[in-house]
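The values are calculated or read from the model by the stated rules, or taken from the named source; none is laboratory data. Just so you know, these numbers come straight off a predicted model, no measurement behind them. Here the Cβ is made from the backbone with ideal geometry for all residues, glycine too, and neighbour counts use every protein chain on show. SASA here: full protein model, heavy atoms, side chains in, ligands and nucleic acids out. Shrake-Rupley method; radii C 1.70, N 1.55, O 1.52, S 1.80 Å.
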Amino acid sequence: MPRNSITLAVALTLLATPLLSACGGSSAASDEKVVTVYSADGLKGENGDGWYDKVFADFEKQTGIKVKYVEGGSGEMVQRAVREKSNPQADVLVTLPPFIQQADGKGLLQKYEPKDSELVSGADKAVDGTWTSVVDNYFGFVYNKKELKQAPRTWDELLDGKYKNKLQYSTPGVAGDGTAVLIKAIHDFGGKDAALAYLKKLQANNVGPSASTGKLAPKVDKGELLVANGDVQMNYAQSKDMPDLGIWFPAGKDGRPTTFALPYAAGLVTKAPHSENGRKLLDFMLGQKAQQQVSEIGGGFSARQDVKATDANAVALTKLMDGVDIFQPDWNDIDKNLTAYVEDWKSATGS
């Protein structure tokens, strides 16, 4: 997903101020009109026109609370929070499965169920109330519509010699969408061994590792790559400025394209320095107005079941997903065995 290096640099400068208190409630830090968000990339616009840009600006205008924003890969943000566990700097953590479950398992999230979270599907929030999806999303691939007259249909097509050094996917275990490549392959090929055997073959065409999925879409749009992985929300938003970017879904064994939900899930950080401000932001992101803007501005899908978007983006996204089979990964199994799966992938691909 796209990194905003300027935003990251500014955010890191802001975070280089004296350490905030890890206590929430009585310290001077907890009274600051600020909230710090660590997030997987994808929801902030390349040109300041993304869902985060709008929501954060509206939140600051309504509450007077300034949002400090730091973004990176899904796993990268969790690892940063782990390193800071004894003295947390973030108030809100937003990342993708299975990293949100990983964050929960490491004790990084405290229980908080945002206002209206009962309107979010049970599959899109933690049973113990530690995280709730704020934007629904689906895994996908992108291709260059100028160089390829039609999207590839199957995984096997990607083994063709014309994709040599023209194909790249982000790194499983580091990037959320990279991990998703492994999850989808295991599903589509009917098991881990068959998936790894395929990915071993695919390595002959693969350019190599990438910590950020978002950096791949511009390369596809320019024709440097023909195919890369991504996700629907991010790539649909990018396609507004990248005319040659198309979205597709490799077919499973029965010939039908498949995907699975890959929501942006948000939680309140344990011992967050500005816990109350974090709660307010989570409530705001899940509010009716912000959720109505998920498709209209962000090119994603509302996390609330009662929001029925009818804007042009929502219509286009519905059409894009038509005929695509959506499966439900076993996130508990993935969370438990992710490290082993990634190690097996490294061994199989020589990565």
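Numbers at a glance
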item: Residue among G299, G230, G267 that is out of contact with any strand residue (DSSP E or B) (no Cβ under 9 Å at 6 or more places or on another chain), in contact (Cβ under 8 Å) with a residue 40 or more places away in the chain and crowded, with 24+ Cβ neighbours inside 10 Å; result: G299
item: Filter result for the condition that a residue is at pLDDT 80 or above and either in contact with a helix residue (DSSP H, G or I) (Cβ under 6 Å, 6 or more places away or on another chain) or assigned to a helix (DSSP H, G or I) (or both), over V35, V94; result: V35
item: D335 being open to solvent by 20 Å² or more (accessible area, probe 1.4 Å), within 30 Å of G208 (Cβ to Cβ) and either among the charged types (D, E, K, R) or free of Cβ contacts under 8 Å to residues at least 60 places away in the same chain (or both); result: yes
item: Unique match (being over 15 Å from Y264 (Cα atoms), within 21 Å of the chain's Cα centre (by Cα) and not aliphatic (A, V, I, L, M)) among G64, G107; result: G107
item: Unmet criterion (only one of (1) under 21 Å from G298 (Cα atoms); (2) at pLDDT 95 or above) for D177; result: (2)
item: Listing of helices (runs of 4 or more DSSP H) fully contained in segment 176-225 that carry 1 or more residues being of a type in the set (S, T, N, Q) and within 23 Å of the chain's Cα centre (by Cα); result: 176-188
item: Any hit, segment 247-256, residues being at pLDDT below 95, surrounded by 18 or more Cβ atoms within 10 Å (Cβ to Cβ), closer than 30 Å to K106 by Cα and not hydrophobic (A, V, I, L, M, F, W, C); result: no
item: Top-ranked residue of segment 94-135 - restricted to ones that are buried (at least 24 other Cβ atoms within 10 Å of the Cβ) and of a type in the set (S, T, N, Q), ranked as nearest to T179 (Cα to Cα); result: T95
